[in-house]
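The values are calculated or read from the model by the stated rules, or taken from the named source; none is laboratory data. Please read these numbers as outputs of a predicted model, since none were measured by experiment. FYI the Cβ positions are ideal-geometry reconstructions off the backbone, even for glycines, and counts take in every protein chain you see.
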Amino acid sequence: MNRYVLGADFGTDSVRAVLVDTANGAELASAVTYYPRWKKGLYCKPAQNQFRQHPLDYVESLEDAIFRTLKQLPGLDPQFVVGITVDTTGSTPVAVDKTGTPLALLPEFAENPNGMFILWKDHTALAEAEEINHKARTWGGIDYTMYEGGIYSSEWFWAKITHTIRQDEAVQQAAYSWMEHCDWITHLLIGGDDALSTKRSRCAAGHKAMWHESWGGLPSEDFLTHLEPKLAGLREHLYQDTYTADEAAGHLSGEWAQRLGLHEGVVVSVGTFDAHAGAVGGEAEAYTLIKVMGTSTCDMLVAPLDEVQDKLVHGICGQVDGSIVPGMMGLEAGQSAFGDLLAWFKQVITWPLQQLLPQSQLLDDATKTALLDEMEDKIIAQLSAAAAQIPVAQTGIVALDWVNGRRTPDADQSLKGAIMGLNMGSDAPAIFKALVEAICFGSKKIVDRFEAEGIPIKAVVGMGGVAKKSDFVMQTLADVLNRPIKIARSEQAPALGAAMYAAVAAGVYPDVASAMQVMGNGFDKIYHPIPTNAALYEKLYTEYGRFGDFVEKKN
């Protein structure tokens with residue numbers, strides 16, 4: 001019998017749905033839907049590092065993306081769709097009531113950003129993250145950050161909750177519990193009506209919420225109330241047990257079966273994070289660094305449990321048993337800005353166009369809009385082509401990639417980006433080249449940290465929008481790392497990985513390794529380092545490190 005599964009990948013800007021054939025991993029149909037409120041910039045204050053997303057963006061976009069995916073196959077028998085898994089950004093938590101309904105879906109909180117999902121890149125909780133790190137080391141008990149790389153980030157669960165309940169008493173009083181985005185979408189699809197009954201993601205809990213089996217789950221009530229008295233009682237309204245993404249959370253509810261044109265027998269698995277699903281879609285093998293490259297990067301790695309044992313890698317985003325491939329240790333690192341850094345530069349240099357073109361009396365409105373769209377579409381490609389022609393080390397410009405803080409190694413979201421070495425000859429392509437080099441140097445810092453802590457990197461795989469679209473960035477990265485980089489063939493690797501989890505949860509395959517072996521799409525390109533460039537970049541990398549040390553001391 002034909003058996004198909006759906007992977008739904010919630011990114012920063014949109015949700016992608018992919019229908020996959022479990023027999024061979026063929027991606028039969030897909031659709032992308034952009035979040036309408038997010039696209040308008042609603043509920044966000046970039047200057048204050050506030051980035052919030054309304055739950056209706058997720059609900060409406062998920063329904064639209066899956067509906068349009070299935071519509072591409074008019075002869076499809078819905079009975080053949082057996083499973084669905086969602087992956088999301090994270091940590092992206094939301095305050096919910098007792099039924100698991102986000103507060104922003106209640107009339108009194110409909111326009112309150114604090115009742116919405118707090119996006120992964122929201123850094124309003126810098127002070128709370130610093131406080132968590134200090135108190136975890138000094139309170140006299142377990143250091144609950146030990147499996148989080150030893151440094152807790154403002155991007156993560158407890159920092160965001162603590163900040164929010166301190167800032168907004170109404171939300172603090174109304175929040176019965178909090179749910180990660182990946183847990184809430186699963187809760188929604190199975191028709192959950194109790195915030196405590198839905199199975200919570202091992203991936204989200206272990207990497208972002210300081211959950212670990214050795215201390216009985218989440219941090220103790222004593223520690224949480226020592227951190228913030230307003231957290232009293234919340235622990236018992238969260239969870240103790242967690243589950244890997246290959247486990248069934250339930251079945252599609254009658255309401256959502258009707259909305260999607262499916263049936264109530266569809267197995268919905270436990271949710272997970274996008275990059276971790278991407279690592280599965282990229283056919284994760286032991287000690288292969290899988291770089292999921294988009295607005296940020298998440299660098300994923302799996303290793304045998306008996307080889308990692310009690311080894312702790314300092315300064316990464318956690319190590320969690322089963323967070324990627326059940327039965328193996330999942331290790332996560334990453335950069336807070338990757339494509340985002342290049343998008344920022346694009347925004348800077350298009351400012352005159354955006355401000356002046358609408359005022360022009362020479363063109364009609366339709367032509368102005370079309371011209372602006374055309375220019376914005378071409379800028380990165382043109383900058384890349386021009387920057388690729390500049391010999392390595394010729395510009396004298398060195399940049400830091402910390403415009404959105406530093407995720408790893410050693411999380412510090414208060415850090416800022418910087419550029420040095422500018423002169424009157426520093427044009428846009430030269431600056432762009434330095435920014436690309438900066439994100440690649442940031443990647444090398446992560447590789448160096450893993451290897452310095454005893455975790456070898458035997459291969460590198462790239463996936464995501466940047467990996468698929470930018471030859472210039474990927475060649476630079478191969479040169480900086482001085483390693484070959486394989487590019488995953490799938491255009492939607494996280495959604496494909498989610499589909500693999502769904503195939504296991506639905507009983508098509510016994511485990512994730514078996515699903516990867518059959519459903520993997522392989523690789524379609526390899527970037528090899530250019531030896532002369534690699535040698536020059538080794539010297540520039542030293543300059544990057546010195547510059548970073550200087551800026552960090554001045555911070």
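A quick yes/no check of all residues on (1) among the β-branched types (V, I, T); (2) within 30 Å of I84 (Cα to Cα); (3) in contact (Cβ under 8 Å) with a residue 12 or more places away in the chain:
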site	(1), (2), (3)
I487	yes, yes, yes
E491	no, yes, yes
A502	no, yes, yes
P510	no, yes, no
N533	no, no, yes
L540	no, no, yes
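Check A333, A411, A428 and return the single one that is surrounded by fewer than 19 Cβ atoms within 10 Å (Cβ to Cβ) and outside the structural domain of N49 (by TED's automatic domain parsing). Give the derivation first.
Values: A333 fails: surrounded by fewer than 19 Cβ atoms within 10 Å (Cβ to Cβ); A411 fails: surrounded by fewer than 19 Cβ atoms within 10 Å (Cβ to Cβ).
Of A333, A411, A428, the one residue that is surrounded by fewer than 19 Cβ atoms within 10 Å (Cβ to Cβ) and outside the structural domain of N49 (by TED's automatic domain parsing) is A428.
Return the residue satisfying two criteria in turn: it lies in the stretch 306-342 and is within 14 Å of the chain's Cα centre (by Cα) and among the charged types (D, E, K, R), and of such residues it is modelled with the highest pLDDT.
E332
Can you find a residue that is in contact with a Lys or Arg (Cβ under 6 Å, 6 or more places away or on another chain), closer than 26 Å to K539 by Cβ and either assigned to a helix (DSSP H, G or I) or of a type in the set (D, E, K, R) (or both) anywhere in the stretch 355-365?
No: zero hits.
Looking at the stretch 221-326, what strands (runs of 3 or more DSSP E) fall wholly within it and have at least 2 residues that are under 22 Å from I439 (Cβ atoms)?
Values: elements: 248-251, 267-269, 288-293, 297-304, 319-321.
Fully inside the stretch 221-326 and qualifying: 288-293, 297-304.
If you go through the stretch 129-136 one residue at a time, do you hit one that is under 23 Å from M179 (Cα atoms), surrounded by fewer than 24 Cβ atoms within 10 Å (Cβ to Cβ) and under 23 Å from the mean Cα position of the chain (by Cα)?
yes
Anything in the stretch 250-280 that is touching a strand residue (DSSP E or B) at 6+ places or on another chain (Cβ under 8 Å), under 23 Å from D13 (Cα atoms) and of a type in the set (V, I, T)? List them, or say none.
V270, T272
Within the stretch 9-24, restricting attention to residues that are closer than 24 Å to Q50 by Cβ and either in contact with a Lys or Arg (Cβ under 6 Å, 6 or more places away or on another chain) or not small (G, A, S) (or both), which residue is surrounded by the most Cβ atoms within 10 Å (Cβ to Cβ)?
If we take residues in the stretch 9-24 being closer than 24 Å to Q50 by Cβ and either in contact with a Lys or Arg (Cβ under 6 Å, 6 or more places away or on another chain) or not small (G, A, S) (or both), then F10 is surrounded by the most Cβ atoms within 10 Å (Cβ to Cβ).
Yes/no matrix, rows are residues, columns are (1) of a type outside the set (V, I, T); (2) in the same structural domain as M474 (by TED's automatic domain parsing); (3) buried (at least 19 other Cβ atoms within 10 Å of the Cβ):
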| residue | (1), (2), (3) |
| --- | --- |
| L496 | yes, no, yes |
| A499 | yes, no, yes |
| A506 | yes, no, yes |
| A515 | yes, no, yes |
| T532 | no, yes, no |
| L536 | yes, yes, no |
| G545 | yes, yes, no |
| D549 | yes, yes, no |
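Scan the stretch 137-150 for residues that are aromatic (F, W, Y) and either without any contact (Cβ under 8 Å) to a residue 12 or more places away in the chain or crowded, with 20+ Cβ neighbours inside 10 Å (or both) and jot them down.
From the stretch 137-150, those aromatic (F, W, Y) are 139, 144, 147; that's our starting set.
The answer is Y144, Y147.
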